[in-house]
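Right, one structure below, let's go through it.
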Amino acid sequence: MIYLALENVLGVDEMKRFALLFFILMIGSIIISSFYYASNDAVKKNTKKFIQEIIEQQYSKTLTNADNEKIKAFFQSFQTLDLPHPIIDGVDIPYFDVFTHPTNNNSYSQYISVKYEDVTDSIYDTYIYFEYISYSKDGNINEIFFGQLVIRTSDVDQLNQDLIMVNPMEKQK
C-alpha cells in the first residue's frame, strides 16, 4: 500500500532511483560499520597483549614509570595474600565483562575479564578484573579474592595509556 502511494506521488522512474539510492546507502552503511568492528578487533588484540605483558613482566612500555610501580604493587598484593601469580598462557580472554573459563592455578580457580567503557568518541576505559576462587573438598566456595585495574586509552593502537585505578587483590566476604 505504501508502495502504491509512493508510486502515485513519485512515479515509476523516480521509485526506481529511490530504490537504487536506498540500496547504495544500505551497502555503504554495512561497509562503514565493518571498519568500526575491524578496529575493535585490533583493540581486543592489543588488550590481550597488554594483559600478557603486565602479567609476565609486571611492566608495560606504554605506561609511565609511576604507573608501572602501581602495576608492581598490584601484583605484590597476590604475594601478600599468598595467591599464585596469574597464569596467562593458554587463557582465552573474553571481552565485554565475561569472565574466562576457570584456569586451575594451584588450589584456586583463576578468572580474568575485560570490559570496555567509552568515555568519549576517541577515549575509552578498559577494566581488567582478576578473580580467584578456592573450593572446599565438598565443592562449596571457600574463599574469593578480587582485584582490578582500569586503563584509560586515547587511541586505537593503545600507544597513549594511563593507569587510572588500581584495586589490589582483596579477600571478599
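The values are calculated or read from the model by the stated rules, or taken from the named source; none is laboratory data. All of these numbers come straight from a predicted model, not from anything done at the bench. No Cβ is skipped: glycine too gets one built from the backbone with ideal geometry, and neighbour counts run over all protein chains shown.
Residues considered: I24, I32. Of these, the only one that is over 20 Å from V166 (Cβ atoms), modelled with pLDDT under 65 and either hydroxyl-bearing (S, T, Y) or not in a loop (DSSP other than H, G, I, E, B) (or both) is I32.
Inside segment 65-95, residues that are more than 20 Å from E170 (Cα to Cα), outside any helix (DSSP H, G or I) and more than 17 Å from the chain's Cα centre (by Cα) make up a count of 2.
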